[in-house]
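The values are calculated or read from the model by the stated rules, or taken from the named source; none is laboratory data. Keep in mind it's a predicted model, so treat the numbers as computed, not measured. Methodologically, a virtual Cβ is constructed for each residue, glycine included, from the backbone with ideal geometry; neighbour enumeration extends over all protein chains shown. Side chains included, ligands, DNA and RNA excluded: accessible areas come from the protein's heavy atoms. Shrake-Rupley method; radii C 1.70, N 1.55, O 1.52, S 1.80 Å.
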Amino acid sequence: VHGPSPQGDFLRALGIEARAAALSRRATPAQAEDVAAALTRLTQGGDGKGELFQVLAISHTDLNALPGLTRTR
């Protein structure tokens, strides 16, 4: 078992901030604002989903690590 981990931590470990920055560089100002709002909603606590949702993965014991998660069992 890997996790659980808050969704925001998981997405940051996978590079969501770099992806949002890359999208924003090629976006119109309105699109860049939407990307920033989505990033906040997906990664932050409070009203966002960053702490509301958790990520959990179950894998074969031969798999040592999964990106963004730590083995708990």
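Please list, by residue number, every one of the trypsin sites (Lys or Arg not before Pro) in the stretch 15-61 that is coil in DSSP and has at most 13 other beta-carbon atoms within 10 Å.
Here the trypsin sites (Lys or Arg not before Pro) that fit, given the DSSP loop and packing criteria, are 26.
Using a 1.4 Å probe on the protein chains only, how many percent of the accessible area of the chain belongs to carbon and sulfur?
56 percent
Could you estimate the translational diffusion coefficient of the chain from the Stokes-Einstein equation, with Rh from the Kirkwood formula over C-alpha pairs, at 20 °C and 1.002 mPa s, in whole µm²/s?
162 µm²/s
May I ask for the distance between the Cα centers of the stretch 8-29 and the stretch 42-73, given as a whole number of Å?
About 18 Å separates the Cα centre of the stretch 8-29 from the one of the stretch 42-73.
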